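Asker: Below is the structure I would like to discuss, written out as structure tokens.
The values are calculated or read from the model by the stated rules, or taken from the named source; none is laboratory data. Fair warning: this is a prediction, and the values are worked out from it, not measured in the lab. FYI the Cβ positions are ideal-geometry reconstructions off the backbone, even for glycines, and counts take in every protein chain you see. Note: accessible area is taken over every heavy atom of the protein model, side chains too, but ligands, DNA and RNA are not part of it. Shrake-Rupley method; radii C 1.70, N 1.55, O 1.52, S 1.80 Å.
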Amino acid sequence: MDGDFIAQEERDGTRLSWNVWPSSRLEATRIVVPIGCLYSPLKPIDQPPPLGYDPIRCNGCGAMLNPYCTVDFRTKLWTCPFCLSRNHFPPHYAENISETNLPAELIPQFTTVEYELPNRPSSGAPVFLFCLDTCLPENELDELKDSVAQTLNLLPEDALVGLITFGCHVQVHEIGFAGECHKSVAFRGTKEYTVQKVQELLFISPTPAGGQYAAGGPTQGGQPMNPGGGMPPQSSAIGRFVCPAGDGGAFAIESILDDLSKDPWPTPADQRTLRCTGAAMSVAVGLLETAAPRRGARLLCFVGGPCTVGPGLVVGKDRSEDMRSHTDIQKHHTPHLKAALKFYDGLADRASQNCHVIDVLACSLDQVGLHEMRATVDKTGGLVVLGDSFTQSVFKESLRRIFKRFPDNAPGTNAGAMQMAFAGTVEIVASRDFKIAGAVGPCCSLKKKGPYVSDSAEIGQGGTHAWSLGGVDPGTTLAVYFEISAAATASNGKGAPPGGAAQAGGMVDQFGNATGFGNATGLGLSSKRRYAQFITQYQHASGKIRLRSTTTCGPWAAAGDGPDQTAALARAFDQEAAAVLMARIAVHRTDTEDVADVLRWLDRSLIRLCAKFADYRKDEPQSFRLPHEFGLYPQFMFHLRRSQFLQLFNSSPDEAAYYRMILVRENTVNSLVMIQPTLLSYSFDGPPRAVLLDASSVRQDCILLLDTFFYVIVFHGETIAAWREQGYQNHDEHVHFKNLLMQPLADATAIMDERFPLPRYIVCDQHKSEARFLICKLNPSVTHNSTDIHAGQVIPTDDVSLKVFMEHLMKLAVES
């Protein structure tokens, strides 16, 4: 069954927790794990290139033509599976369609199709606005300037670029100025600036939404002129503060960076550096609103410390005031937190409404305020990188990968184009049997009410069936949650299947044959079907507007609470997707609830799930048996409870926010690696093999490779490390030992090559200090209290092991 789940993900970019759904709301509450779907809107799929025409939509519900539609080839009508409305094909379809000549949308294999809309004008090349912190040590600032200069060479020549620097004050650099010196406009760092104030102070006029000004026209003193000569009352920001990279913009920024020095404002020894991060972001958002409204743009903020002055203040300038900690937040001893959260949330809403993306790349040994700035990244679909220094490869390589491109041999207009997309929105159309409870991920609600929206349940961004994604890339994944509607319960009570009588007989394909196609999991025991369609619109990096439609279909379980229904539901359970969906809900709940309460909720949910689906005799824990479809789920929950997402010990609010921001945007595979890291063992006994994430897997004569997503660790056992120190790998007669040492290094490099952000790479030896990064992730099956201390690495901890966890789980699940 796992192969079917993976095949569905490869075909459509979707992964469901339950692939057969309970047929009533009451039965849905009994299965404990919510019904949800992990959807990757831009996942590369093996389909034809984008279709160069507008899609056909249902006149009733707005759903797009898909393979699940019933077609009458004689009358040239098609029936929508969502609302059962009958629709006429347009003339150019009706003239050519037949049983043997189907358009791409109706071919059964193409449940996901993409359109490049010809009637929508191109939005033009994207805008990239760089916002640099100059309150850095000289060596850090030099490395940052060098990285930004290299990034400019990765941009398309028609991309628009701009530069803002900030310290105690904000400097907006006029890169289109033609004089012999550099020109910039200074803003006071203690004030928040509206878009109107930015326009007034920069002396610029707003660009019409979707409009474009020609760059490179006649100028006077670097400012555009009227056709009749003379200076206009206000000029466009394009050509002054943002310019095409290939038309002198990149060169101008490089020239400014060469002369850029550390912020000169003096800082007493007992005070922090004055840094106006919030004011700089406010000015940058206002500039983008003026220069590129409703047009793809990225604001890349490079931050080297906390905001200490102006809006978005995180901590005061006096060093006597400590940075807020988890304890301070829990006890509400945070005088600046509420105002900062409100300020950054307002900035995020402004950017999201204009299709602008905010990325935060922070490098500092101290906290920088990422906890407060989280909304600016989550709501706009931005990216986040958190490192110790701008000199590290974690920052440099991650910045380069933001501008990753498709291969030159990619089909269609994707060839050589940047993988990033802009102005993404997702809308869901659902059949009447279930409703949308909400979404958790890098999204912002568009507040679109409709018949598909749940009135009772709300998870994450709820109360809508459409969300703004902002920035999108092939790895962006949204978690959508559903609830069974009362209509489905009522219809089942009368013996009719969900979806209406017209759907009771199963699917009828375009050739008039009964078919079970659409049952993505191959569980076609029931003729009942439910449908969901994900409609994603986004601006391609080329400026073209694209529309992607993904239509899913699946069966319902038979009504009732008998063993047959339970068995059908169990066979359709995807424990990997379920673990990720539960982890996203848990992370979302930590925003408003105490972590201890979230952990108790996870424990209760796991106990109820096992009590529902396990095979056991009452009050006999030794009789407890879980179906293999649920075999890994308890250990996923065990490692989730111990993970950095829910355990706040030895982490700062910024680190916790960073880990959670990454979790809620990654796909199923990457999220599972974060929850339960993968461990490979290398030895002379055979080829590399996956081993348990357990203390017993640590041996003196083997090498371990641990992938936690954020860290990639090569761990040498004590004997291996001793041989290496003695230089055996340098002798020809020990070439096999040299190969053993090199293989995990090569595999670690392969893991890091495709990951964003770049993981921290650690090579360590057993019993050395950096070995703690691996030891803390292992199941503590061998501790200082164990009787057999030779069974593996001794872990000095009082944490519960997986064995004890499972014993308590079995005991509680079988209780009467």
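Asker: Would you list the strands (runs of 3 or more DSSP E) that sit entirely within segment 420-487 and hold 1 or more residues that are farther than 25 Å from residue 591 by Cβ and not charged (D, E, K, R)?
Answerer: In segment 420-487, the matching strands (runs of 3 or more DSSP E) lie at 421-430, 434-440, 478-484.
Asker: Return the residues of segment 51-72 that are among the hydrophobic types (A, V, I, L, M, F, W, C) and touching a residue at least 60 places away in the same chain (Cβ under 8 Å); say none if nothing qualifies.
Answerer: Answer for segment 51-72, where residues must be among the hydrophobic types (A, V, I, L, M, F, W, C) and touching a residue at least 60 places away in the same chain (Cβ under 8 Å): 51, 61, 63, 64, 71.
Asker: Quick check on residue 178: is it farther than 21 Å from residue 357 by Cα, open to solvent by 30 Å² or more (accessible area, probe 1.4 Å), of a type outside the set (Ser, Thr, Tyr) and touching a strand residue (DSSP E or B) at 6+ places or on another chain (Cβ under 9 Å)?
Answerer: yes
Asker: Something else about it: Do you know which residues across segment 336-374 are more than 23 Å from residue 128 (Cα to Cα) and modelled with pLDDT under 95?
Answerer: Answer for segment 336-374, where residues must be more than 23 Å from residue 128 (Cα to Cα) and modelled with pLDDT under 95: 365, 366.
Asker: Given (1) touching a Lys or Arg at 6+ places or on another chain (Cβ under 6 Å); (2) open to solvent by less than 10 Å² (accessible area, probe 1.4 Å), identify the lone condition not met by residue 352.
Answerer: If we test residue 352 against (1) touching a Lys or Arg at 6+ places or on another chain (Cβ under 6 Å); (2) open to solvent by less than 10 Å² (accessible area, probe 1.4 Å), just (2) comes out false.
Residues are listed down the side, and each one gets a yes or a no for (1) over 28 Å from residue 321 (Cβ atoms); (2) open to solvent by 10 Å² or more (accessible area, probe 1.4 Å); (3) of a type in the set (Ser, Thr, Tyr):
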position: 252; (1), (2), (3): yes, yes, no
position: 270; (1), (2), (3): no, yes, no
position: 283; (1), (2), (3): no, no, no
position: 287; (1), (2), (3): yes, no, no
position: 293; (1), (2), (3): yes, yes, no
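Asker: Still on this structure, please answer the following. Sort out which residues of segment 756-801 are in contact with a Phe, Trp or Tyr (Cβ under 6 Å, 6 or more places away or on another chain), crowded, with 19+ Cβ neighbours inside 10 Å and either assigned to a helix (DSSP H, G or I) or among the charged types (D, E, K, R) (or both), and write them in order of number.
Answerer: The answer is 774, and nothing else.
Asker: One residue is enough: does segment 73-82 have a residue meeting the conditions crowded, with 22+ Cβ neighbours inside 10 Å and not in a loop (DSSP other than H, G, I, E, B)?
Answerer: Yes: segment 73-82 contains one or more residues that are crowded, with 22+ Cβ neighbours inside 10 Å and not in a loop (DSSP other than H, G, I, E, B).
Listed here are the residues, each with its yes/no results for (1) part of a helix (DSSP H, G or I); (2) out of contact with any Asp or Glu (no Cβ under 9 Å at 6 or more places or on another chain); (3) crowded, with 19+ Cβ neighbours inside 10 Å.
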| site | (1), (2), (3) |
| --- | --- |
| 576 | yes, no, yes |
| 583 | yes, yes, yes |
| 596 | yes, yes, no |
| 605 | yes, yes, no |
| 622 | no, yes, no |
| 647 | no, yes, no |
| 673 | yes, no, no |
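Asker: Which residues, counting only those in segment 421-434, are open to solvent by 10 Å² or more (accessible area, probe 1.4 Å) and in contact with a Pro (Cβ under 8 Å, 6 or more places away or on another chain)?
Answerer: 432
Asker: Let me ask you something else. Can you work out which of the residues in segment 95-124 that are assigned to a loop (DSSP other than H, G, I, E, B), among the polar types (S, T, N, Q) and more than 28 Å from the chain's Cα centre (by Cα) is farthest from residue 543 (Cα to Cα)?
Answerer: Checking each candidate, the answer is 100.
Asker: Does residue 758 satisfy the criteria of being modelled with pLDDT of 95 or more and farther than 20 Å from residue 795 by Cα?
Answerer: yes
Asker: Let me ask something else. Can you report the number of residues in segment 698-754 which are open to solvent by 70 Å² or more (accessible area, probe 1.4 Å), under 11 Å from residue 682 (Cβ atoms) and without any contact (Cβ under 8 Å) to a residue 60 or more places away in the chain?
Answerer: Residues that pass the stated criteria total 2.
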